[in-house]
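Trainee: Handing you a structure now.
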Amino acid sequence: MTKPNGAMNGHGPIKPDDDKDKLPEVHITSLNDKDEKDELPITHYIKHGHEDHGHENGGFDPDECPDGLRSPALSRRGTWMKTRSRKNSMKSIKSRASSLLSLKSIKDMMTKETIMTIWIQSALPFLIAGLGSIGAGVALNQAQQFALFVNIPQMIGLSTPIMGLKGNLDMTFASRLATMSHQGKLDTWSGIKKRVPINMMLVQAQAIIISFFATAITLALSAIQNALHIQGAPSMDSLGSHIPLMIATGLLTICTSCGVMDTVMATMVIVSRRKNVNPDNITAPIAASMGDLACMCLLVAYGSVLYIPYNSNASWKMVPSIIVIIAIIGLWPFWLYKCLQDEKCRAMLKTSWFSLIASAVFSACGGFILQICINSFPEMSLYQPLMAGIAGNRVAVQSSRIASRLFTHHTSGELPKGNTLWKYTSVLRCYFSKDDDSGAARLLLATAVPFQAIFVSLTYLVSYLLHKAGVINPLPMINWQFTLGYLAAAFVQIFILLYCCQFLVFAMWRYKVDPDLHSIPILTGMGDLFGTTWAALAFIILYQITPSSIRTCWDADVKCS
């Protein structure tokens, strides 16, 4: 090791050079003491710091600089450099240097990422996510026949916003962790312990409030439907006693599924980082669609259990639901207190509600459309989660990728290459430019229809197997007219959503709004609304053109709720 100017030799201090502002060229081994070929000067690490250390001297705090490397250039107090505790000092600097080199490798990885790399890394997660959406659709289709959903049709309307909002919370959680991973903040066990649990607590605090809001919107839309005498409007006579059941079911479902899925997402982000896989490509699809399946199953299970005393008309029928509500609300002050201890979580608690509420409105409107249309087209419940979920997965991946690149390569408020926001209103720029996000958009759009065709076929296959097992009756219809109509609707939906994603994420970045926190909820909420709307339009248009291609509630072999 080269002895820096001003260090202590055995007899006294060595007089420093006249140029006191010049940083000493102290060489250290960057990653491994045994690898003497990979040595860089300490000035390299000082000049290439990053925001995780947050200090003006390239990531080093002068007051925290190890004793063995204090100098006038690093300390405003002008403390002379010393060799005391040199071994511990060098270990500390090597740790920071490793973190900075890790950040540089992540930036290189993101810069060199090709379309083929994105495809290879995201194909399997998209397939797994599609299977989750298929499962959610089958579960929702079967749930129509349960006493809970027959007697409380508002539960059908509640299922869409609950699944959508839970998916939003999980995907924003995964996106935040992915960004932290790109910034090197999850490379150490201490960084993981500091950031992952507090973010999971933030999700729980948000989930409780959002669940109440989703239930309130569902009930309000049902009241409007009843007041306007819209076809299939549910009776409001016994709704008062059912409100505690709906609230308790929503709270249990969203809190439990968020806790489980967030643990899975955190594990996936950390493992992906260790394996040099971009977590943006894999976490969002699995967080959304596998979460939808878990959420739908839990919604049916919790609701059915809490409905048992209602089914027997017991005098204490509301008591279990009220106990659940009180217990979960009792945990909310604890989650809130822990989140307020962290500065970033405190800021997110103050600023995240607009996007979550907007998403709740979009998703609830989608659930309202489903609740109406399902009275005429019962098989729509089989395909609505697939239509909304797959598009939501793809737009979430695109949003997370753009946000991670902006956070890693650019300063908040400044658009890439000095562009103006007007440039991102262009459809041509979205799909035909040479920018990285445009290439990813082309890939996501081009593979949307083939994936949807596979998933429609798998949906019919699963339904056929369940029909043979006596679980589903009658067997859902599938023919070339329905398949073409469904695929056309899916293509238009994802085309619009990816364009909206481009403008929304860059607009948020331009105006210094965190896209990791706000873009995914809004985009996936729009995906729920657009997916349900386009699925409904496909069923209606196909019924008008070729009535035999669609099974309706007017068919003799169909039992509708």
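The values are calculated or read from the model by the stated rules, or taken from the named source; none is laboratory data. Since the model is a prediction, treat every value here as computed from it, not as a measurement. Note: ideal-geometry Cβ built from the backbone for every residue, glycine included; neighbour counts use all protein chains shown. Note: areas computed on protein heavy atoms with side chains; ligands, DNA, RNA excluded. Shrake-Rupley method; radii C 1.70, N 1.55, O 1.52, S 1.80 Å.
Trainee: Before I look further, what does segment 354-430 give for accessible area per residue, probe 1.4 Å, in whole square angstrom? Kindly include the intermediate steps, with their values, before the conclusion.
Mentor: Working: 2320 Å² over 77 residues.
It amounts to 30 Å² per residue over segment 354-430.
Trainee: What is the distance, in nm, between label points placed 7 Å from the Cα along the Cα-to-Cβ direction at Ile120 and at Ile496?
Mentor: According to this spin-label approximation, the distance is 3.6 nm.
Trainee: Given R₀ = 60 Å, what would the calculated FRET efficiency be for Asn151 paired with Lys434, taking r from the Cβ atoms and rounding to 0.05?
Mentor: Calculated value: 0.60.
Trainee: Applying a 10 Å radius around every beta-carbon, put 385-393, 138-146 in order of their mean neighbour count, most first. Please report the intermediate quantities before stating the final value.
Mentor: Values: 385-393: 31.3, 138-146: 19.8.
For the peptides 385-393, 138-146, the packing ranking is 385-393, 138-146.
Trainee: Work out, step by step, the length gained on full extension between Asn419 and Ala327: first 0.36 nm times the residue separation, then minus their alpha carbon distance; give nm to one decimal.
Mentor: Between Asn419 and Ala327, full extension yields an extra 28.0 nm.
Trainee: In the structure shown, do any of Lys350/Lys423; Lys194/Lys338; Lys193/Lys275; Lys194/Lys344; Lys166/Lys194; Lys434/Lys512 have a Cα-Cα gap over 22 Å, and if so which?
Mentor: Lys350/Lys423; Lys166/Lys194; Lys434/Lys512
Trainee: Shifting gears a bit: Counting only protein heavy atoms and a 1.4 Å probe, tell me what percentage of segment 499-550's accessible area is made up of carbon and sulfur.
Mentor: 69
Trainee: Per residue, how much accessible area does segment 254-307 show when a 1.4 Å probe rolls over the protein heavy atoms, in square angstrom?
Mentor: That works out to 31 Å² per residue.
Trainee: Right, something else. Please work out how much length the chain gains when fully extended from Ser412 to Ala358, using 0.36 nm per residue of separation minus the C-alpha to C-alpha distance, in nm with one decimal.
Mentor: Computed gain between Ser412 and Ala358 is 17.1 nm.
Trainee: Could you please state how large a percent of the accessible area of segment 174-213 is carbon and sulfur, counting protein chains only and using a 1.4 Å probe?
Mentor: Roughly 72 percent of what the probe reaches on segment 174-213 is carbon or sulfur.
Trainee: Here is a further query. Under a crude label model (7 Å from the Cα following the beta-carbon direction), how far is Phe334 from Tyr511 in nanometres?
Mentor: Here the answer is 3.9 nm between the modelled labels.
Trainee: Using a Förster radius of 25 Å, what is the FRET efficiency between Ile243 and Cys297 based on their Cβ-Cβ separation? Nearest 0.05, please.
Mentor: Plugging the Cβ-Cβ distance into 1/(1 + (r/R0)^6) gives 0.60.
Trainee: Please sort by residue number the trypsin sites (Lys or Arg not before Pro) in segment 406-499 whose DSSP state is loop and whose Cβ has at most 15 other Cβ atoms within 10 Å.
Mentor: Lys434
Trainee: Could you tell me what percent of the accessible area of segment 323-428 is made up of carbon and sulfur, with a 1.4 Å probe and every protein chain present?
Mentor: 70
Trainee: For the pair Leu537/Val449, report the inter-label distance in nm, with labels modelled 7 Å from Cα in the Cβ direction.
Mentor: Computed distance between label sites Leu537 and Val449 equals 1.7 nm.
Trainee: Cut-off 17 Å, label point 7 angstrom out along Cα-to-Cβ of Thr263: give me the residues of segment 141-182 whose amide nitrogen falls inside.
Mentor: So the set is 170, 174.
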